[in-house]
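First the structure, in the form of structure tokens, and then the observations on it.
Throughout, read-outs are computed from the coordinates displayed, never taken from laboratory work. Please read these numbers as outputs of a predicted model, since none were measured by experiment. Here the Cβ positions follow ideal geometry from the backbone for every residue, glycine too, while neighbour counts run over all protein chains shown.
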Amino acid sequence: MPSIVVVGANWGDEGKGRIVDFLAADASASIRFQGGNNAGHTVVNDMGTFKLHQLPSGIFNPDCIAVLGPGMVISPEALSQEIAEVKEAGMEVKLSISDRATLCLPLHALEDTLEEQRLGDAAYGSTRQGIAPAYGDRVMKKGILVGWLNQPEVLEQRIQFMLDWKMPQLKALYPECNFTQTAAEMTQWLLNVTEVWRPFICNVTLPLKALQKENANLLFEAQLGAGRDLVYGEYPWTTSSNVTAAYAGIGSGLPTLHPERVIAVAKSFSSSVGTGTLVTAMEEQDNFRESANEYGATTGRPRDMGYFDAVATRNGVELQGATEIALTKIDCLSGLSELKICVAYAGEHSENPIWPQTEELKPVYEEMTSWEEDITGCRTFDSLPQAAQDYVTRIEELMGVPVGMVSVGPERDQMIIRN
Ligand code: GDP
Ligand code: MG
């Protein structure tokens, strides 16, 4: 299968990194197509445990080129640090970084922070990395392109152009804003912190087109999940880019992409951190949160825990145009005393539940049989307890597409492949 897009069916942290790392063994290129340093994709393999932020999760296959696509916003210093970490683990890092991607500067992070502070209780719950302001600048045609790092004079001119527009606004809105760097200083800083990866900047379309021509396996990876898509998610508690599979081609530098497989990664239960309401929230959450290790990856915030929400997940699967599902973290359900699936919503707005007004929605549950057994050692579907098999097949029925992969642990080999 030449091209596979791996995306989230929920709100993020479904285990996409883990699925991409597994699939990368057979891939020629691993491509991140949107987002930036706000991603946290966990990969556990024989080289260690990694929390990847900007590097694609296929980076651990030495035969795979790792591509940072034009749809990304790139935090320059953080990328250098991440490259150093992966190198320290013994990997040779071969990257293709799009000249058309946008830089996410410390000034954007400052802007993000000042705005969250101004909003107070109404804040978005941003990771304050500057992702929204960087994408905002891109749309306003004030963005700073990665390719200009190889044209320092142009770089400085474009930064000046951006500062002339941005600084009067920042100073007016946030009197405490004390940013004083000049365009020349910012240019010099950028040239210093990007030294290790500047040689990788290129038109990523060229190597990808060549691989596409050879019918090579290409692996595309999104950040977050359908519920956070800028257009189709729970606006305004979304991210600032498109996380849906339809964007994979554009965000990768291969706009002619027609993927053969779209794998929507779905978690076997619901969890959410930050803003927004979880319709299927459990009454007692603490023990399950602890055993499922559900804490925000970057912030450590405890996540709200809930039962599998088939309404929201099916919407996610449909938005993604998924051909199949990878169901993760089913091992975490072992020993849960009560197991149920939300099959419908009742209450106001239930006729259009994808409109982001979840407060009034009430879950309609179907009871499922729970199981006690530890399933982290299972490698075939038939070896799962009958109740766990029934849980997967019920989800499959409700989703309308096959569950092709069932993940029973965070490690690379803790995977059941179904035919
Ligand atoms: P991503 O952002 O979608 O890549 O997901 P994250 O890496 O942020 O969050 C998924 C978390 O679940 C990570 O800590 C993974 O190591 C872990 N994980 C992934 N799949 C499984 C699984 O099947 N079982 C268990 N127990 N943990 C898993
Ligand atoms: Mg994550």
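Which of the peptides 259-267, 64-72 is most tightly packed, and how do the rest follow, going by the mean number of other Cβ atoms within 10 Å of each residue?
For the peptides 259-267, 64-72, the packing ranking is 64-72, 259-267.
From zero outward in steps of 10 Å, how is the percent of C-alpha pairs of the chain spread across the bins?
Cα pair-distance distribution for the chain, in percent: 5, 22, 31, 25, 13, 4, 0.
Local charge sum around residue 119 (other residues, Cβ-Cβ under 14 Å, Lys/Arg +1, Asp/Glu -1)?
In short, -3.
For the chain, what proportion of DSSP beta bridges, expressed in % and rounded to the nearest 5, is antiparallel?
For the chain, the DSSP antiparallel bridge percentage is about 35.
Looking only at 144, 19, 31, which one moves most when the chain is put into a Gaussian network model with springs between Cα atoms under 10 Å?
Per the Cα network of the chain with a 10 Å cutoff, 144 tops the list.
Given R₀ = 41 Å, FRET efficiency for residue 141-residue 295 by Cβ-Cβ distance, to 0.05?
Details: r = 39 Å, r/R0 = 0.95.
Given R0 = 41 Å and the Cβ-Cβ separation, E is 0.60.
Hey, how many Å between the Cα centroid of the stretch 191-264 and the Cα centroid of the stretch 64-124?
One Cα centre to the other: 14 Å.
Taking the highest mean first, how do the peptides 80-91, 95-106 order by number of other beta carbon atoms within 10 angstrom per residue?
Per-residue Cβ counts within 10 Å, averaged per peptide and sorted highest first, yield 95-106, 80-91.
Using only the alpha carbons, work out the radius of gyration and Dmax of the stretch 299-419 in angstrom.
Cα-based Rg and Dmax for the stretch 299-419 come out at 15.3, 44 Å.
Mean-square fluctuation check for the chain, GNM, Cα pairs under 10 Å: which of 387, 322, 109 is largest?
387
Cβ under 12 Å from residue 376's Cβ, residue 376 left aside: what net charge do those residues give with Lys, Arg +1 and Asp, Glu -1?
Counting the neighbours of residue 376, the net charge comes to -3.
Can you tell me the order of 222-228, 390-396, 181-187 when each peptide is scored by its average per-residue count of other Cβ atoms within 10 angstrom, highest first?
Those peptides, ordered most packed to least, come out 222-228, 390-396, 181-187.
If you average 1/r over all unlike Cα pairs in the stretch 233-322 and invert the result, what Kirkwood radius do you get in angstrom?
Computed over the stretch 233-322, the radius equals 15.0 Å.
Along Cα→Cβ, 7 Å out, is where each label goes; now give me the distance between the ones at residue 338 and residue 281 in nm to one decimal.
That separation, rounded to one decimal, is 1.5 nm.
Going 7 Å from the Cα of residue 256 along its beta-carbon direction, which residues of the stretch 316-355 have the amide nitrogen within less than 17 Å of the resulting point?
Counting backbone N atoms under 17 Å from the label point, the list is empty.
Once both axes come from the Cα atoms, what is the angle between helix 183-193 and the longest principal axis of the chain, in degrees from 0 to 90, rounded to 10?
50
Within the stretch 266-417, what percent of beta bridges assigned by DSSP are antiparallel, to the nearest 5?
On the way: 15 of 22 bridges.
Percentage antiparallel, nearest 5: 70.
Compute the distribution of all C-alpha to C-alpha distances in the stretch 102-193, in bins of 10 Å from 0, and list the percent of pairs in each, rounded to whole numbers.
16, 50, 28, 6, 0
With the Cα gyration tensor of the stretch 169-268 giving a ≥ b ≥ c as the square roots of its eigenvalues, does the rule (a/c under 1.5 for rounded; else a/b larger than b/c for prolate; else oblate) give rounded, prolate or oblate?
oblate
Tell me, what is the percent relative contact order of the stretch 102-193, built from C-alpha pairs under 8 Å that lie six or more residues apart?
27
Any idea what the relative contact order of the chain is, in percent, if you count C-alpha pairs under 8 Å spaced at least 6 apart?
Numbers: 933 pairs, mean separation 82.6, N = 419.
Relative contact order, the chain: 20 percent.
Taking 0.36 nm per residue of separation and subtracting the Cα-Cα distance, what length does fully extending residue 380 through residue 153 add?
Roughly 75.9 nm would be gained on extension.
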